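Accompanying notes for the structure given below.
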Amino acid sequence: MKLKQLSVAVIFSMLMPIASANDVVPFVVGGEPIQPPSSENWMVSLRLTPKQNMHFCGGSIIDAHWVLTAAHCVVHSRDSGYFVLQPNQLNVMAGTWDNSVTDFENLYSVTHVVVHPDYSPDAKIQQQTVPGDSTTFELKSIALDNDVALIRVERAFSNTNAASIKLAAPEEADEIDNRLGNEWQEHHRPENTTVFGWGAIDTAAQVSTSQLLSTSLSYIPMPDCFKRLELGSEINAIIDSPVNRTKICTLPPKIISTEGSGLVYGPDSCKGDSGGPLTAQNNNGEWVQIGIVSGGPVGELVCGSLTRPSFYSRVGTYFNWIESYKGTIPASTVIEPSIITESRANKCRTGVDGVAHTNCNMVEGNGGSASRAGLLLLSLIGFLRRNLFK
């Protein structure tokens, strides 16, 4: 019996180019520039210090010292296996909507990186050969699951130009899911969520922006998302079931066409937006964070597909875990997910690639993250049989 790693090119996370769910970089396609007031300025840019403080992911301020982001932004891979970026490799830029580094006041040193213990960058499939030489496959974990991480900064965020975002608590998240789900209509898509980021602004994820952008998206209920991403698949590698509770999905609410090119697409999160917030109004009309930009399947369009949903980590599911770190200073500067601690105990795996359309390979060797970074949409089962289970 063998547990194999699914390194299928089916998902693109939202990171910037250096690596795969080791390459991280998403942008907002079809977005509009915004300059939020200081009371709503909770958006941050994660910067990679070995790359001249290059922006590679987004995040949101959740208290005076903590930032919420995606795990694939800080977990990368090299030949010997996965690793977590160290605090000295990261900076956080906050209190500005322009992505250019112009004021030291906006740069914050990092002291701690905490990754959700159950983060799963790639789908894992257990292969078992039974008597008669027949083979069965069992899905053990889906790609980019529990894609949540926390970053602590040394100096408290300035309350003159930055603020904390309100997170959707479990019951609140359920209420929002129900209401937004009831608003969904395929032929008349509502604009009921908003995503923010400095990621790519084109469908090929090649053109970035220095201005913070936002765009409205349509929340699509999980059963419908499951059908669009998994219907007909023998193995559900992205969404495990129609009642999945770890992810949220969106689709473009409108059609954008480029004159003369024949290109038709819609607003979307993209490469470089990974880790940023997806927001919606609660039943009191307050805007709260319901999701974290994670990834999406890649086809001819890297971002902006009218029919293939993008997905986000569901904040309500992880609310209690997130809250447990607020106001604390962890004993360890880096808290790794079990995929790293277990692999270290059992020796590191080799040749592991990531999956996600919003991240990039950023540090060592071929390491990085592959959320919205550019994986091709292949036939899952055919790929498995040809490349994984020889």
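The values are calculated or read from the model by the stated rules, or taken from the named source; none is laboratory data. From a predicted model like this one, the values you see are computed outputs, not experimental measurements. Because the Cβ atoms are built from the backbone with ideal geometry, glycine has one as well, and the counts that use them run over all protein chains shown. Ligands, DNA and RNA are excluded from the accessible area calculation, which covers all protein heavy atoms including side chains. Shrake-Rupley method; radii C 1.70, N 1.55, O 1.52, S 1.80 Å.
Solvent-accessible surface of segment 230-305, taken per residue with a 1.4 Å probe and all protein chains present: 37 Å². When Lys227, Lys271, Lys51, Lys326 are compared by accessible surface with a 1.4 Å probe, the order from highest to lowest is Lys227, Lys51, Lys326, Lys271. Using the 1.4 Å probe convention, the accessible area of segment 101-179 works out to 45 Å² per residue with neighbouring protein chains retained. Charges were assigned to the Cβ only: +1 to each Lys and Arg, -1 to each Asp and Glu. The resulting dipole of segment 200-345 about its Cα centre is roughly 180 debye.
Over 19 Å apart at the Cα level, from the set Lys51/Lys247; Lys227/Lys271; Lys166/Lys254; Lys124/Lys247; Lys271/Lys326, are Lys51/Lys247; Lys227/Lys271; Lys166/Lys254; Lys271/Lys326.
For segment 88-110, the residues whose backbone nitrogen is under 17 Å from a point 7 Å from the Cα of Thr160, taken along Cα to Cβ, are 94-97, 102-108. Per atom type, segment 95-232 shows carbon and sulfur on 46% of its accessible surface, probed at 1.4 Å.
Among the trypsin sites (Lys or Arg not before Pro) in segment 132-175, those placed in a DSSP loop whose Cβ has at most 16 other Cβ atoms within 10 Å are Arg155, Lys166.
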